[in-house]
Amino acid sequence: MEIIRELALSFIFGLLGILVMAIGYKVFDWMIPLDFNKELENKNLAVGIMIAGLLIGIAIIVSRVVAA
């Protein structure tokens with residue numbers, strides 16, 4: 001029974017982490033006056049690296065909060 005509880009908590013925290021990352025991306029997209037999707041379609045490597053760094057930073061914060 002303990003395994004099921006741990007799996008359920010992992011699933012919930014995983015979904016919560018993904019939701020927080022999506023919200024963080026949307027807020028960042030709203031704050032910066034640049035169409036990230038259009039730039040990514042044009043294969044702008046700098047924008048891709050910037051978004052990857054943003055998502056990694058948010059993921060580190062979320063993992064610290066979940067671990068606490």
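List of remarks:
- Of all residue pairs spaced 6 or more apart or on separate chains, those with beta-carbon atoms under 6 Å, a first member in the stretch 1-19 that is within 12 Å of SER63 (Cβ to Cβ) and a second member that is among the aliphatic types (A, V, I, L, M) are PHE13/VAL66; GLY17/VAL62.
- Restricting the first member to the stretch 25-51 and to residues that are under 24 Å from VAL62 (Cβ atoms), and the second to residues that are not in a helix (DSSP H, G or I), the beta-carbon pairs closer than 8 Å and six or more apart or on different chains are VAL47/LEU34.
- Taking the listed residues ALA67, ALA22, ALA52, the one that is among the hydrophobic types (A, V, I, L, M, F, W, C) and over 10 Å from the mean Cα position of the chain (by Cα) is ALA67, with no other qualifying.
- All told, LEU34 meets the bar of being assigned to a loop (DSSP other than H, G, I, E, B) and on the phi < 0 side of the Ramachandran plot.
FYI, it's all coordinate maths here, none of it is from the lab. Keep in mind that what you see is a predicted model, and the values were worked out from it rather than measured. So basically every Cβ, Gly included, is an ideal-geometry build from the backbone, and we count neighbours across all protein chains shown.
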